[in-house]
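S.K.: Just passing along the structure, written as structure tokens.
The values are calculated or read from the model by the stated rules, or taken from the named source; none is laboratory data. Treat the numbers as computed from the prediction; the structure is a model and nothing was measured. Cβ placement follows ideal geometry from the backbone for every residue including glycine, while neighbour counts extend to all protein chains displayed. Please note that ligands, DNA and RNA were not included when accessible areas were found on the heavy atoms of the full protein model with its side chains. Shrake-Rupley method; radii C 1.70, N 1.55, O 1.52, S 1.80 Å.
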Amino acid sequence: MTRQPGSAPILIVDDDIDHRIACREFLETHGYAVQEAGDGRKALARLVDGNEAQPCLLLLDLSMPLMDGWQLLAIMKSYLRLHSIPVILISAEEPRLDPVQHGAIAAYLRKPCDCEDLLALVRKFLS
């Protein structure tokens with residue numbers, strides 16, 4: 001089953017507002033609904049609140065204040081309904097371990113990432 005763009009939101013979790021805006025605008029021009037969070041705590045609140053549509057995909061930075069990407073991923077593992085959300089890690093920080101190989105995330109892109117590479121991954125995980 002292929003998800004149509006806009007069927008469920010993509011959640012961008014990044015403290016870099018310029019990066020969030022650029023990703024949001026790019027994805028919206030391709031028909032995707034997008035939500036944003038500036039740190040892991042805000043993202044977690046969105047994920048567990050239940051007042052908003054459950055994201056179909058997370059674009060996650062590692063280095064953020066209050067709660068970083070690794071902490072968010074660890075907490076997400078304790079919520080059964082969050083296990084199936086694919087996570088694309090987009091970070092300037094090089095992970096110590098291969099996060100894809102260790103099952104923490106679906107894919108990894110190094111910042112600054114190519115928009116077409118991002119779009120290809122979004123389409124891959126939402127098809």
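S.K.: Specify the longest stretch of the chain that does not include any exposed loop site, a site being one of the trypsin sites (Lys or Arg not before Pro) with a non-H, G, I, E, B DSSP assignment and at most 15 other Cβ atoms within 10 Å.
M.R.: 4-76
S.K.: Which of rounded, prolate or oblate describes segment 1-86 when judged by the alpha-carbon gyration tensor and an a/c cut-off of 1.5?
M.R.: oblate
S.K.: A further question on this structure: Compute the distance from the alpha-carbon center of segment 74-90 to that of segment 30-72, in whole Å.
M.R.: Centre-to-centre (Cα) distance: 10 Å.
S.K.: 7 Å from Cα along Cα→Cβ at both SER84 and ILE17: what's the point-to-point distance in nm?
M.R.: According to this spin-label approximation, the distance is 3.6 nm.
S.K.: Let me ask another. With all protein chains present, how much of the accessible area of the chain (probe radius 1.4 Å) comes from carbon and sulfur, to the nearest whole percent?
M.R.: Carbon with sulfur: 52 percent of the solvent-accessible area.
S.K.: Which of the chymotrypsin sites (Phe, Trp or Tyr not before Pro) across segment 19-127 are loop residues per DSSP, with 13 or fewer other Cβ within 10 Å?
M.R.: Those satisfying the criteria are TYR79.
S.K.: Could you point to the residue in PRO65, ILE10, ALA22 farthest towards the positive end of the chain's charge dipole, with +1 and -1 charges on the Cβ of Lys/Arg and Asp/Glu respectively?
M.R.: Checked the options; the winner is ILE10.
S.K.: Ignoring everything but the protein chains, give the 1.4 Å probe accessible area of GLU25 in square angstrom, nearest 10.
M.R.: Accessible area, nearest 10 Å²: 100 Å².
S.K.: Also, quick follow-up: Provide the per residue accessible area, probe 1.4 Å, for the chain, rounded to a whole number of square angstrom.
M.R.: 53
S.K.: Still on this structure: Work through the residues other than GLY38 whose Cβ is under 13 Å from its Cβ and net out their charges, Lys, Arg +1 and Asp, Glu -1.
M.R.: Taking every Cβ under 13 Å from that of GLY38, the sum is -3.
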